[in-house]
Structures are given as structure tokens and as C-alpha cells.
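Encoded as C-alpha cells, the structure appears first; notes follow it.
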């Protein structure tokens, strides 16, 4: 097998990840701040629906960004 074939087995002693792993990692890194922004914008309506001020719902941003990082 060669390294250009899908599912190719790497030679022993050749370090590194498969290049197919790079696009999902980059996409996740780019979308994580977008996710935090969406949650931050939604904090006021979430707080109103639950009867809590935004200061008590701010932990949602930290919790979701930690979960996805």
C-alpha cells in the first residue's frame, strides 16, 4: 500500500496524523467561537425565560466552550 490510498497503514517509526484529520480539526476551531457568540447573544432570552439575570446564566458560555474544546 502507498500513503496516498485511503486507509493506508503507516510505516513504523513514521510519526504524525493522517491528513484527513486536519479539516475537521480546523473546522471545529473556527466554529467554537461562533458557538460561544450564539450562546452569549441568547443569554438574555434564556434568563428571562428562566427568571434569572444574565449574570446567573453567564456560566453557559464557559460550560459549552469547555465541553467542545
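Quick notes on this structure:
- First in region 43-61 and in contact (Cβ under 8 Å) with a residue 12 or more places away in the chain, second anywhere and surrounded by 12 or more Cβ atoms within 10 Å (Cβ to Cβ) and not in a helix (DSSP H, G or I), Cβ under 7 Å, 6 or more apart: 43/58
- Entry remark, region 20-46: residues being in contact with a helix residue (DSSP H, G or I) (Cβ under 8 Å, 6 or more places away or on another chain) and at pLDDT below 85 number 8 in total.
The values are calculated or read from the model by the stated rules, or taken from the named source; none is laboratory data. Fair warning: this is a prediction, and the values are worked out from it, not measured in the lab. Note that we place each Cβ from the backbone using ideal geometry, even for glycine, and neighbour counts take in every protein chain shown.
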